[in-house]
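This is the structure I want to talk about, given as structure tokens.
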Amino acid sequence: MDYEYIEVETAGHVTTITLNRPQVMNAIHPPMHAEMQTALDAFATDSDQYVCVITGAGDRAFCAGSDLKAAAQSGISGRAYPKSGYAGLIERFDLSKPLIAAVNGVALGGGFEIALACDVIIAAETARFGLPEPLVGAVALGGGLHRLARQIGLKQAMGMILGAQSVTAAEGKELGFVNEIVSATDLKSAVGSWCERILKCAPLAIRASKETVLRGLDEPSLAAAMKNQNSYPAFAAWKTADDTLEGPRAFAEKRPPRWRGR
């Protein structure tokens with residue numbers, strides 16, 4: 001498919017989606033929301049794609065959030081999101097494939113919410129993160145308020161949210177939501193290394209692991225999580241997969257496993 005506001009590339013088992021409106025710091029407007037929905041739908045249903053990387057075009061911004069000027073000019077509500085929520089991502093709760101945010105610059109408002117919805121955040125040293133919506137009389141409704149509190153703890157999250165505070169990549173790593181910080185020139189290679197590590201693992205085992213962690217956190221207790229994990233879809237698929245037998249077979253035969261994703 002031809003996209004106007006994003007770029008989508010596949011290399012091996014990795015899909016890279018680039019937010020491509022650098023002239024407005026990759027701010028998102030309704031057509032871009034729709035393109036993100038389509039691209040992520042395609043990734044989710046493509047059996048040959050195992051990992052998705054989301055990044056921004058240019059060297060200033062990952063995503064500066066919603067394009068308020070475009071919303072004002074068009075008269076279309078900034079909350080007219082596609083079926084999977086903001087950027088076609090933040091309510092995509094059934095996606096068990098891993099997502100990596102390669103944050104190449106500022107990630108503010110909805111941009112920060114996109115990053116928080118990913119499983120791993122790799123940040124350039126120039127990255128900044130924050131939810132500044134209250135400064136313009138708005139509320140961060142793209143999941144950021146909920147995800148930030150869950151990912152870094154209530155008091156630290158409240159400090160950022162109530163003060164509309166933005167933080168550096170180094171502060172993000174100290175708070176716990178950034179996995180790795182690299183120079184801007186090393187960001188692509190660092191993300192490639194993360195993808196390589198993930199791709200060494202059985203893809204269905206990765207999906208079962210992600211889903212078990214996230215769904216388990218919603219269970220009322222550890223005992224309930226361990227009891228109910230057998231019913232989680234990705235966990236159930238892994239239990240009967242061909243790859244689940246391939247791992248022990250490859251170990252016994254002293255060779256690298258040949259994962260087929262089924």
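The values are calculated or read from the model by the stated rules, or taken from the named source; none is laboratory data. Bear in mind that the values here come from a model prediction, so they are computed numbers and not experimental data. For neighbour counting, all protein chains shown are included, and Cβ atoms are generated from backbone atoms with ideal geometry for every residue, glycine included.
Only one of these is more than 19 Å from Leu40 (Cβ to Cβ) and touching a residue at least 40 places away in the same chain (Cβ under 8 Å): Gly110, Gly56, Gly105. Name it.
Selected residue: Gly105, the only one of Gly110, Gly56, Gly105 that is more than 19 Å from Leu40 (Cβ to Cβ) and touching a residue at least 40 places away in the same chain (Cβ under 8 Å).
Continuing with this model, one more query. Which residue is nearest to Gly12 (Cα to Cα), if the candidates are limited to region 184-233 and must be outside any helix (DSSP H, G or I) and over 21 Å from the mean Cα position of the chain (by Cα)?
Glu219
Oh, and also: Anything in region 215-259 that is surrounded by 14 or more Cβ atoms within 10 Å (Cβ to Cβ) and closer than 21 Å to Arg197 by Cβ? List them, or say none.
Ala234, Trp238, Ala241, Asp243, Thr244, Glu246, Gly247, Ala250, Pro257, Trp259
Given the conditions (1) in contact with a helix residue (DSSP H, G or I) (Cβ under 9 Å, 6 or more places away or on another chain); (2) modelled with pLDDT of 95 or more, and given that Val136 satisfies all but one, which numbered condition is not satisfied?
All conditions are met except number (2).
Can you report the number of residues in region 199-236 which are β-branched (Val, Ile, Thr) and closer than 17 Å to Arg262 by Cβ?
Counting residues in region 199-236 that are β-branched (Val, Ile, Thr) and closer than 17 Å to Arg262 by Cβ gives 1.
Quick one: Ile181 ticks every box in (1) farther than 15 Å from Gly111 by Cα; (2) surrounded by fewer than 15 Cβ atoms within 10 Å (Cβ to Cβ); (3) β-branched (Val, Ile, Thr) except a single one, so which number is it?
Checking Ile181 against (1) farther than 15 Å from Gly111 by Cα; (2) surrounded by fewer than 15 Cβ atoms within 10 Å (Cβ to Cβ); (3) β-branched (Val, Ile, Thr), the one that fails is (2).
May I ask you to verify whether Thr16 is among the polar types (S, T, N, Q) and either over 19 Å from Glu113 (Cβ atoms) or modelled with pLDDT under 95 (or both)?
The answer is yes for Thr16.
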